[in-house]
Every structure is written in structure tokens, then in C-alpha cells.
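Any read-out appearing in this document is the output of simple, stated calculations on the displayed coordinates, not a laboratory observation. Please read these numbers as outputs of a predicted model, since none were measured by experiment.
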């Protein structure tokens, strides 16, 4: 319908849906043509310098996120807004790529086979102390009930 000259409002009315999703699709269609309707095969990645340049244009020049998304053929203005938000929260570090994968040091506790004898004995000692404290409390409650 866009190719026939209809704008976002007319298409939304014709389809009986809200204008806002159609408006975003219309913007992408103006930039990408029919390619806006096809998903990208891979996720785009952007360099730190590129993100910083776009964010500075928003903050210094007052350009809108949608304008810059159209100019740089980004997927949407929401991407630019997320970069600006990250920059405001964390400075330039917020725009740098994050390391992939899990952080080292996380994960499950060591299995008994991985622990040294000393660590294993310390854990067993803690468990036995807790068991003794529990049994002591149980005896005290039973004795109190008998009286």
C-alpha cells in the first residue's frame, strides 16, 4: 500500500490497527524499500566509534533518533535511544562491546572430588555441627513438652 502512495495513517486506518507500529514500518520502508519487510539474516554489530559519533550527534546537535536511524540505515530509532541511554548511564564505557560468555568464577560449587582433604573435612565439620545443634534443640523441645 505504501508503494501506491498511501501514508502510515491511511494504511493503519485501512487495516484497522494502531498507527504507531505502521508508522515504524513506513519509516523503514522509506529507507529500505521492500527489504524492510524481510528480516536480516545476521545481527548487525556497530563499532564503538560509530556508536559514539551517533550519540554525540544526538546530544550535541539535537538530531532525533529516528532521523539518525534513517540517515545511517539503522533498524530503528530505538537502537539509537538505547545507545544514548547507555552513554548517559555509563559514559563511553557503556558503548564499548561487552565480553561474551559467562563471567569467570561463577558456576556450581566444587564437587567432593575437586576439593582438597582439608576443605572436605571442614565442610563435614560444619555439617556435623549443624546436625548436633538441631538434635540438641529437638531434645530441649521434647523435654519442655514433658514438663
For the stretch 41-98, diffusion coefficient by Stokes-Einstein and Kirkwood Rh (Cα), 37 °C, 0.692 mPa s, µm²/s: 288 µm²/s
In nm, what is the difference between 0.36 nm times the number of residues separating residue 14 and residue 89 and their Cα-Cα distance? 22.8 nm
For residue 121 and residue 76 in one chain, what is 0.36 nm times their gap in residues minus the Cα-Cα distance, to one decimal in nm? 10.4 nm
Gained length - residue 144 relative to residue 60, 0.36 nm times residue gap less alpha-carbon distance: 22.7 nm
Any chance you could check the Cα centroid distance between the stretch 72-99 and the stretch 126-144 for me, in angstrom? 56 Å
